[in-house]
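Contents: one structure, followed by commentary.
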Amino acid sequence: MVAELSAQITAQIKQAAVMLKSAKSICVLTGAGVSAESGIPTFRDKQTGLWEKFRAEDLASPDAFARDPKLVWSWYQWRRQQVIDKKPNPAHLALAQWQELAAKSGLTFTLITQNVDDLHEQAGSCVHHLHGRLWQNRCNNCQKIVKQSPNPSNNAAQALSDELVNCNDCGGLLRPDIVWFGEALPEKEWQIAENAAADCDVFINIGTSSLVYPAAGLAQIARQHGAQVIEINPHPTPNTIVNVTIAAPAGRALPKLLKQISAL
Ligand code: OAD
């Protein structure tokens with residue numbers, strides 16, 4: 001049996017619901033925590049198995065790929081293997097439902113993610129990826145985009161091989177289409193995120209440690225433009241600009257929050 005949320009968390013959800021009920025424009029930023037209940041480790045979780053002795057920061061960089069492309073490619077193939085069978089959890093589903101309801105009632109609801117998995121899409125959301133996509137590669141030379149199928153029945157053995165892959169057009173090496181440390185965010189996605197943060201009435205940070213900029217700065221942009229800020233995280237960040245904190249796992253909090261908004 002799933003334990004009831006505490007009285008304190010229930011009160012936090014009610015407070016957030018009142019704030020959201022009157023909002024005409026909502027901007028949501030998700031991080032690794034939103035996929036935690038689907039079984040995907042967050043970024044600050046220690047790596048396991050073969051990769052235990054590596055730090056993500058030392059593998060996710062252009063320098064690391066230039067030094068040892070096979071090592072970096074193998075790590076991403078391993079990460080793909082970790083998420084290949086993962087499914088959206090109640091947090092992804094509630095966000096997709098919320099987005100659909102908002103569209104029907106003429107509200108603006110922009111969903112932005114730092115995650116590279118495709119669980120928001122699987123849940124039915126329209127989402128803007130700030131840090132790229134795990135199931136997409138890019139030629140390191142000519143920048144051509146090449147999709148990689150996440151479907152395990154679609155020749156998964158080949159798809160998840162550790163062998164480096166060359167671009168069909170120019171022969172350059174394919175790399176994951178992911179924003180690595182030291183690289184710029186995709187311009188169009190960032191512009192959408194910045195505008196949505198500046199224009200929203202309520203900004204919601206879900207499952208992010210708010211440590212990695214510029215994404216972490218979106219809540220500040222929203223606040224500077226007069227928005228209220230809500231955080232959903234079982235281990236709230238020491239973020240002083242947050243107006244309401246819901247200190248619960250997103251998969252527990254979001255369905256309740258949505259229900260509470262509809263009940264008002
Ligand atoms: P982190 O791993 O830094 O933080 C995950 C956050 O999720 C933590 O604050 C957890 O407390 C919280 N959390 C854990 N379980 C949760 C749950 N069930 N519900 C809600 N929250 C939960 O992940 P991000 O903030 O997403 O960048 O990391 C940001 C970026 O840092 C990543 O996108 C990645 C990394 O460097 C790139 O790869 C470019």
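Things to note:
- Total residues in the stretch 30-46, condition more than 9 Å from the ligand (Cβ to nearest atom) and within 9 Å of Ala250 (Cα to Cα): 0
- Residues of the stretch 65-74 satisfying the condition of being surrounded by fewer than 21 Cβ atoms within 10 Å (Cβ to Cβ) and in contact (Cβ under 8 Å) with a residue 12 or more places away in the chain: Phe65, Pro69, Lys70, Leu71, Ser74
- For the stretch 100-137, a residue qualifies if it is in contact with a Gly (Cβ under 8 Å, 6 or more places away or on another chain) and either within 15 Å of Ala250 (Cα to Cα) or more than 14 Å from the ligand (Cβ to nearest atom) (or both), and the qualifying residues are Glu100, Thr113, Asn115.
- Count of residues meeting criterion [within 16 Å of the ligand (Cβ to nearest atom) and either surrounded by fewer than 21 Cβ atoms within 10 Å (Cβ to Cβ) or among the hydroxyl-bearing types (Ser, Thr, Tyr) (or both)] in the stretch 209-228: 9
- For Val2, the conditions (1) farther than 27 Å from Ile112 by Cβ; (2) in a loop (DSSP other than H, G, I, E, B); (3) modelled with pLDDT of 95 or more all hold with the exception of (3).
- Annotation: of all residues in the stretch 173-208 being β-branched (Val, Ile, Thr) and more than 9 Å from the ligand (Cβ to nearest atom), the one that is surrounded by the fewest Cβ atoms within 10 Å (Cβ to Cβ) is Ile192.
- Search result, residues across the stretch 75-105 that are in contact with a Pro (Cβ under 8 Å, 6 or more places away or on another chain) and exposed (fewer than 15 other Cβ atoms within 10 Å of the Cβ): Asp85
- Checking Gln81 against (1) in contact (Cβ under 8 Å) with a residue 60 or more places away in the chain; (2) part of a loop (DSSP other than H, G, I, E, B), the condition it does not meet: (2)
- Filtered residues of the stretch 126-148 (kept if part of a loop (DSSP other than H, G, I, E, B) and closer than 15 Å to Gly31 by Cβ): Val127, Leu130, His131
- Contact map, the stretch 247-259: first residue in the same structural domain as Thr208 (by TED's automatic domain parsing), second residue of a type in the set (Val, Ile, Thr) and assigned to a helix (DSSP H, G or I), Cβ cut-off under 6 Å, separation 6 or more or different chains; pairs are Ala248/Ile9; Ala250/Val34; Lys256/Ile13; Leu257/Ile13.
The values are calculated or read from the model by the stated rules, or taken from the named source; none is laboratory data. None of the values given here were measured: they were computed from a predicted structure. Glycine also receives a Cβ, built like all others from the backbone with ideal geometry; neighbour counts cover every protein chain displayed.
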